[in-house]
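Only one structure is covered here, and it is reproduced in the block below.
Rule-based calculations on the coordinates, nothing more; no lab input. What you see is a predicted model, and the numbers here were worked out from it, not measured in a lab. Neighbour counts run over all protein chains shown; Cβ positions are idealised from the backbone, glycine included.
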Amino acid sequence: MRTELAARGWGSVAGRLLSTKRIRAQAIILALCLWGVCIFDFGTPGLIDRAGNIKFQDFLPVYNSARLIAQHRAAELYDSNVQADELHAIIGEPTRVQIPNVYGPQVGLLFVPLAHFSFPIAAGIWVALSLLLYFACIYVAWSSCPELHPYAGLVAIVSLAYPPLFHFFVRGQISVLLLACFTAALLAMRAGRPWLAGLALGILVIKPQFLVAIPLILLLGGGGRIFAGLLVSAATQLVLARLYFGAVVMQSYVSLLTHPWRWINSAELSLAPIQMHSLRAFWSLLVPSASVVFALYVLSSVVVLIMASHTWRSPAPLAFRFSALTFAAILVNPHLFIYDLLVLAPAFLLLTNWILGNAQSVVSAPLKILLYMAFVLPLLGPLSSWTHLQLSVVAFAALVWVFGRGTRQLASAESPGV
């Protein structure tokens, strides 16, 4: 009885506040605000925007790496002095900006074709291609969600208003490649091809922090075939990089990963925690002690991993198992900024599709509200500089809890083909 009453209460709130009409209006306003700010901020000549930042500045280490590889100077990829010199050469004036190259050498190799252009042109080409890839991933995921087919226009508007897309674009990040991996893995899972799903997830080794949670969830949750594909994919990528670049370059990269204190202060500046949305950042905002933060991060990560692996092992619909995997990968990620939340897009579509097909489920209403919060709250991250509470992380963790807590109800409420 209590469950039914709670479900009615959640349903009443969701129905009043989250109607299709309201969501469309809010998405339009949000898209106009975000991209209006982008146009105004970038509406200056040269490489520096109105806020004094370098336009598409996160693309700089990738571009510099590609140039060094094209010039047969791969041995200098992880030399901080060389990176600083290359940055100075691009900007043409002294700068205190430090953007360490923390990517594997294979990432720079992927962008070598753009190394033949100047940085502004190369960055412009990349962000244009990445936007096309983003909307292609959205289209592919939307195509697999039959309940969303009548809402194609709304999906397009909401996709454009997604806050991580704005941050991804203005920073010139490579997060869209991660989105492509998750999207490909989803398609393979829906097709019953666990091996291919693992191969897609293994490509995430380009940002290895995404592979902290996923392999553990697969092992604990009985996803052995996906784990095997992931292992083969990641290992193959690293082995090929070792064969192409040699031992010295790979040793420098491994040293970079195993000694993060050498670069973490330049990658995570004083305002970084308010733009980060994982458990590590959540505790670092609340607790001043680094050792206590680490202990709380490990403990909370273990809880999230247990809940996510329970969902993955259950007969719950793929929408919840895939989403549990994705949200757990975000939460446990030790170094995650808002632009990397781009990978949540397929999970948002899957869950919305499930909600539309299972409106009477006791899980649907609270899930709808939490999903809305997970979409919007990353935009409010700067408020955490005063509140010391990153609410987006709370919403993400609540979603993982809902997946685990409601496993039995979700399995029984699953609609065909979802």
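Worth pointing out:
- Relative contact order (%) - criterion: Cα under 8 Å, at least six apart; region: region 46-413: 19 percent
- Projected area, mean over directions - region 151-273, Cα convex hull, nm²: 10.4 nm²
- Our estimate of slack between ALA89 and VAL232, defined as 0.36 nm per intervening residue step minus the Cα-Cα distance, is 47.5 nm.
- Between SER291 and ARG22, the modelled labels are 4.8 nm apart [label points 7 Å from Cα along Cα→Cβ].
- In summary, the lysines within cross-link reach of LYS207, defined as a Cα separation below 26 angstrom excluding same-chain residues under 8 places away, comprise LYS55.
- Pair-distance profile P(r), taking every C-alpha pair of region 178-247, with 10 angstrom steps and integer %: 23, 53, 20, 4
- For the pair ARG225 and ARG73, label points projected 7 Å from Cα toward Cβ lie 4.9 nm apart.
- Remark: region 46-413 carries a charge dipole of roughly 820 debye about the Cα centre, counting +1 on each Lys and Arg Cβ and -1 on each Asp and Glu Cβ.
- Other residues with beta-carbon under 11 Å from the beta-carbon of ARG73 carry, at +1 per Lys or Arg and -1 per Asp or Glu, a net charge of -2.
- When the charge dipole of the chain is built from unit charges on Cβ atoms (+1 for Lys and Arg, -1 for Asp and Glu) and taken about the Cα centre, the candidate among PHE337, GLY221, VAL249 whose Cα reaches farthest toward its positive end is GLY221.
- Sequence of THR387, THR352 once ranked by neighbouring C-beta atoms within 10 Å, starting from the fewest: THR387, THR352
- Build a GNM of the chain with springs between Cα atoms under 10 Å apart, and of SER143, SER323, SER65 the one that fluctuates most is SER143.
- Order of LEU285, LEU109, LEU299, LEU349 under a 10 Å beta carbon neighbour criterion, fewest first: LEU299, LEU109, LEU285, LEU349
- Tilt relative to the chain, helix 175-190 - C-alpha long axis, 0 to 90 degrees, to 10: 40 degrees
- Taking every alpha-carbon pair within region 46-413, the share separated by more than 36 Å comes to 20 percent.
- Using 0.36 nm per residue and subtracting the Cα-Cα separation, the extra length available between CYS38 and ALA128 on full extension is 30.9 nm.
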